[in-house]
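Everything on this sheet refers to the single structure shown next.
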Amino acid sequence: MNTLTGRPREAVISQALVSEAVEGRIRALALEIRTFLDRTPPQIRKAVIGEGIYLTGGTARIPGLKRYLEDIVGCEVRISPYYEMCTINGLKELIGDRTLHKWAYTIRNKK
């Protein structure tokens, strides 16, 4: 946004600038995952480490994220082949299943 005119403007944003902006949050996330795994019972942790952790959503496509998380967390990280649709499919399941429906927020017509 051009602060003088208030109109949108086009600009090139470098990968280094984006990396700098998200680095702290991604590191905090990785450390939280590692802490969670450290506190997980051994039999469950073994299953998670054997299967790996799946990344979903558009953030999963950040270049180098997979390897970065693997280095800090200490297990394989996989990117879901349907990473862009995972949230939508999950919400579809929540809304469509009567036992899970209570976890979904839906807009109802007011009378």
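What follows is calculated from the coordinates using simple rules that are stated; it is not laboratory data. The shown structure was predicted, so the numbers you read here are calculated from the model rather than taken from an experiment. Positions of Cβ are generated from backbone atoms using ideal geometry, with glycine treated the same way; all protein chains shown enter the neighbour counts.
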> Among residues other than residue 64 whose Cβ falls under 12 Å from its Cβ, what is the net charge (Lys/Arg +1, Asp/Glu -1)?
Replying inline: 0
> Looking at the chain, do any whole DSSP H helices span at least 20 angstrom along their long axis by alpha carbon and average 0.0 or above on Kyte-Doolittle, and which?
Replying inline: 15-39
> Which of the trypsin sites (Lys or Arg not before Pro) found in the range 1-63 are in a DSSP loop and have at most 13 neighbouring Cβ atoms, other than their own, within 10 Å?
Replying inline: 9
> How many lysine pairs are close in the chain, with Cα atoms under 23 Å apart and the two 8 or more places apart or on different chains?
Replying inline: 5
> Nearest 20 debye, what's the magnitude of the dipole of the chain about its Cα centre given +1 on Lys and Arg Cβ and -1 on Asp and Glu Cβ?
Replying inline: 660
> When you take every Cα atom in the range 1-46, what is the radius of gyration, and what is Dmax, the widest Cα pair distance, in Å?
Replying inline: 19.5, 60
> Rounded if a/c is under 1.5, else prolate if a/b beats b/c, else oblate: with a ≥ b ≥ c from the C-alpha gyration tensor eigenvalues square-rooted, which is the chain?
Replying inline: oblate
> What spacing in nm lies between the two simple spin-label points modelled at residue 20 and residue 103, each 7 Å away from Cα in the Cβ direction?
Replying inline: 4.0
> Can you tell which of 12, 43, 85 lies farthest toward the positive end of the dipole of the chain, using +1 and -1 charges on the Cβ of basic and acidic side chains (Lys, Arg; Asp, Glu)?
Replying inline: 85
